[in-house]
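Colleague: Here you go, one structure.
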Ligand SMILES: [Zn+2]
């Protein structure tokens, strides 16, 4: 007790000195931290979207909708193709990736690959906090979903709110709603209204299948429009699965399968228009395709997961059509994988993060590319084009250059040169041993001031 009183007396006596020393230490800390913080440099203006709608058309193979492909059944007979207008015009105003392969052509693994960017993902992987939902949430997004298939428990747990068909039945759908407090109240109320699915009333046969999809598209359009109107500053990711194309393929054969795709094509335009008018990315995707086999009695049966179907191109090749304020108009050839979709979507949102388990690559669909340079200590980083023309520069140890024209660049750090071919967003980590001298001297001086300050306080307290 006596020692404590004595210490308080000493501190009071040296109050003036201690104040100065503490101020110096704090200044040193602020200087050190300011050098170590993230720096954003906008080389050109970027048009980052406010969010995204990811539409997964269950079982829609690109063989049946892309003009470049011809679908065949398992015996090699040529099959028909869907007669489309909206999906074609939507693809013409954005980027269409020609050949994207589903590594696991089945619904649950397909959705797991799509949302983790990992080609071997399953539902357990989705439960491991490594999905695109976990990443965007760190960037203040909310995640919502309308799903008729692919809505397994781990997928539902990733959403702030999800409308899903708990019965997985077009005959008797049972639309359920799971939500968390993180989803705005008025959005929950809107979703509750959409639990009532009146579109199916008096619809039978394949028309009922088309109406089933129409409900999911309508609910998604209503949610996206409502968010943009009533929560314009809240970024969001809306995942949609329409289930009837897949089911029509399984139960009715290829003609009705194509008929349901054509119905979806008619109903899809409103959702696309909402996205394009509201600065949102809109992606048309599928979890897997569909192959057809003719039985002995001449009836066609569709499938995708079992071995004889899974090995076909009709099952493996899935569409990827992406539109957005920062997305190019292009057709991209070359073979890509389903695991590339999640990294590509993050890039479209200008979120410079790597999905923890992803083995996918960013497909260059964006009009520009961002470059993050991470160096061991605060240093001047210069980005050069054509060998010696400086495009941008900044000092720091974690710098992101936004809006670079896709091109070959040289990153200059001290005397070290790193050559990169920047076609899509890239993160470059450099461990430069000889950092900028001025920075080293400044850091050393700040450290000396701090050490002297701490020694002075220690001395006062010991006296
Ligand atoms: Zn599926």
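Colleague: Select from segment 370-392 the residues that are under 15 Å from residue 351 (Cα atoms) and surrounded by fewer than 22 Cβ atoms within 10 Å (Cβ to Cβ) and list them in ascending order.
Modeller: Correct list: 372 only.
Colleague: While we're here: For segment 49-56, does any single residue satisfy the condition of being assigned to a loop (DSSP other than H, G, I, E, B), over 30 Å from residue 262 (Cβ atoms), modelled with pLDDT of 95 or more and away from the ligand (no atom under 16 Å from the Cβ)?
Modeller: Checked against the condition, which is being assigned to a loop (DSSP other than H, G, I, E, B), over 30 Å from residue 262 (Cβ atoms), modelled with pLDDT of 95 or more and away from the ligand (no atom under 16 Å from the Cβ), segment 49-56 yields at least one hit.
Colleague: Filtering segment 154-180 down to residues that are out of contact with any helix residue (DSSP H, G or I) (no Cβ under 7 Å at 6 or more places or on another chain) and part of a strand (DSSP E or B), which residue is surrounded by the most Cβ atoms within 10 Å (Cβ to Cβ)?
Modeller: 165
Colleague: Can you give me the number of residues within segment 359-398 that are more than 21 Å from residue 416 (Cβ to Cβ) and in a loop (DSSP other than H, G, I, E, B)?
Modeller: 9
Colleague: Could you tell me whether segment 202-211 includes any residue that is within 16 Å of the ligand (Cβ to nearest atom), in contact with a helix residue (DSSP H, G or I) (Cβ under 8 Å, 6 or more places away or on another chain) and without any contact (Cβ under 8 Å) to a residue 40 or more places away in the chain?
Modeller: No, segment 202-211 contains no residue that is within 16 Å of the ligand (Cβ to nearest atom), in contact with a helix residue (DSSP H, G or I) (Cβ under 8 Å, 6 or more places away or on another chain) and without any contact (Cβ under 8 Å) to a residue 40 or more places away in the chain.
Colleague: Within segment 140-153, restricting attention to residues that are within 16 Å of the ligand (Cβ to nearest atom) and either closer than 15 Å to residue 127 by Cβ or not in a loop (DSSP other than H, G, I, E, B) (or both), which residue is nearest to the chain's Cα centre (by Cα)?
Modeller: The qualifying residue nearest to the chain's Cα centre (by Cα) is 145.
Colleague: In the list 373, 389, which residue meets the criterion of being without any contact (Cβ under 8 Å) to a residue 12 or more places away in the chain and outside the structural domain of residue 288 (by TED's automatic domain parsing)?
Modeller: Just one listed residue meets the conditions, 389.
Colleague: Taking only segment 413-432 into account, find how many residues are closer than 14 Å to residue 397 by Cβ and in contact (Cβ under 8 Å) with a residue 40 or more places away in the chain.
Modeller: 7
Colleague: Out of the residues in segment 274-310 meeting the condition of being out of contact with any helix residue (DSSP H, G or I) (no Cβ under 7 Å at 6 or more places or on another chain) and modelled with pLDDT of 95 or more, tell me which one is nearest to the ligand (Cβ to nearest atom).
Modeller: Selected residue: 286.
Colleague: Only residues that are in contact (Cβ under 8 Å) with a residue 60 or more places away in the chain and either farther than 30 Å from residue 351 by Cα or within 14 Å of the ligand (Cβ to nearest atom) (or both): list them for segment 251-273, please.
Modeller: Matches in segment 251-273: 254, 255, 257, 258, 261, 262, 264, 265, 266.
Colleague: Restricting to segment 322-339, and then to whatever is away from the ligand (no atom under 13 Å from the Cβ) and surrounded by 24 or more Cβ atoms within 10 Å (Cβ to Cβ), can you tell me which residue is nearest to residue 106 (Cα to Cα)?
Modeller: So the residue we want is 339.
Colleague: Could you check residue 159 against (1) modelled with pLDDT under 95; (2) away from the ligand (no atom under 16 Å from the Cβ) and say which number it fails?
Modeller: (1)
The values are calculated or read from the model by the stated rules, or taken from the named source; none is laboratory data. Bear in mind the structure is a predicted one, so any value in this text is a computation, not a measurement. Positions of Cβ are backbone-derived with ideal geometry, glycine not excepted, and every protein chain shown enters the neighbour counts.
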